[in-house]
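The values are calculated or read from the model by the stated rules, or taken from the named source; none is laboratory data. Keep in mind the model is a prediction, meaning the values are calculated, not measured. Positions of Cβ are generated from backbone atoms using ideal geometry, with glycine treated the same way; all protein chains shown enter the neighbour counts. Just the protein is used for accessible areas: all its heavy atoms, side chains included, with ligands, DNA and RNA removed. Shrake-Rupley method; radii C 1.70, N 1.55, O 1.52, S 1.80 Å.
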Amino acid sequence: MNESLIDLDKQMLLQLNGSDSLFIDGMITTLTAAQTWIPLYVALFYLVIKNNDSVKNIFTIVACAAACVLLAGSVDDLLVKPLVARWRPTHDPEIGMAVDIVEGYRGGNYGFFSAHAANTFSIAIFFSLMVKNAYLSLSLLVWSVTNCWTRIYLGVHYPGDILAGLVWGGIIGVSVFTAYRFLSHQKVKNANFVSSQYTSTGYVVSDVDIVISVLVFTFFYALVRACLTPL
């Protein structure tokens, strides 16, 4: 049964990996790069500062976000990948030659599980639970799923690597949020104002919209860069 799942994982990867489009190659290369999402991280930091008066609470939130990355991604890279030692598709002796490589990018030797999936999903879950805004939650989910898709497209992760990363990231996101609620004693700000202006946890909706706008702009930036890719 285990061998059947592994074979299915490899078949799915080969079906979803790569394309003949230089446009999509260019877009994926931009979307998978960590520096592409720096504006989103800055926007989330702005959201936290703008909507929390207590320096202690701001520090707690930032520390929790850092814990998400540390527990979701760093534990994976430092412990899980070396211990499990599952080849990335691009390095797999069985199918490596059949994987579509984009711009020579192959990643490290091992790929179980996906740190991209774990990191982005843990952050998405943590901020979704903390802010409680449906549009922000959906936007962050799209962001995380997009990062997962780029890893399969580039052939550096099997779908199973992605699924395991999402599960681990979800566990970390919920766990860190639970710890945040325990550590933070701040009362909900602006709770008595109309809900059209504030989320149920007191975050200003217009500030949330800024984060979403930055995310949309980043996707647009990736599209523009892909259009400018030489054919």
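Here are the numbers:
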| read-out | value |
| --- | --- |
| HN-Hα J in Hz across the stretch 27-37 - Karplus 6.51, -1.76, 1.60, θ = phi - 60°, x for Gly and Pro | 5, 5, 4, 6, 5, 7, 6, 4, 5, 4, 9 |
| Whole-Hz ³J(HN,Hα) from phi, Karplus 6.51 cos²θ - 1.76 cosθ + 1.60, for the stretch 53-61, glycine and proline x | 7, 7, 4, 4, 5, 4, 4, 4, 5 |
| The chain: Lys pairs at Cα distance under 24 angstrom, eight or more positions apart or on different chains | 9 |
| Of Leu70, Leu215, Leu183, the one that fluctuates the most in a GNM where the chain has Cα springs shorter than 10 Å | Leu183 |
| Calculated Rg and Dmax of the stretch 24-64 using C-alpha coordinates, Å | 14.4, 44 |
| In degrees, nearest ten, helix 38-50 long axis to first principal axis of the chain (Cα) | 20 degrees |
| Kirkwood hydrodynamic radius of the chain, from inverse mean 1/r over distinct Cα pairs, in Å | 18.8 Å |
| Accessible-area value, Lys50, 1.4 Å probe, nucleic acids and ligands omitted, Å² | 100 Å² |
| 0 to 90° range, to nearest 10: angle between helix 134-153 axis and the chain longest Cα axis | 20 degrees |
| Burial order of peptide ranges 95-101, 26-32 (average beta-carbon count within 10 Å, highest first) | 26-32, 95-101 |
| Under 5 Å, built H, 5+ apart or other chain: amide partners of Tyr110 | Arg88 |
| Under Karplus coefficients 6.51, -1.76 and 1.60, residue-wise ³J(HN,Hα) of the stretch 122-133 in Hz, glycine/proline x | 5, 5, 4, 5, 4, 6, 5, 5, 6, 8, 6, 10 |
| Mean separation of Cα contacts under 8 Å, 6 or more apart, over the residue count of the stretch 11-138: relative contact order % | 26 percent |
| 0 to 90° range, to nearest 10: angle between helix 159-183 axis and the chain longest Cα axis | 20 degrees |
| The chain - mean residue ellipticity at 222 nm from DSSP helices (-39,500 (n - 2.57) per run, n ≥ 4, rounded to 500) | -20500 deg cm²/dmol |
| Sequence-distant residues sharing a close amide H with Tyr198 (under 5 Å, placed H) | Val205 |
| Computed lengthening from Arg106 to Leu228, 0.36 nm per intervening residue step minus Cα-Cα distance | 41.6 nm |
| Per-peptide average of other Cβ atoms within 10 Å, ordering 201-213, 112-124 highest first | 112-124, 201-213 |
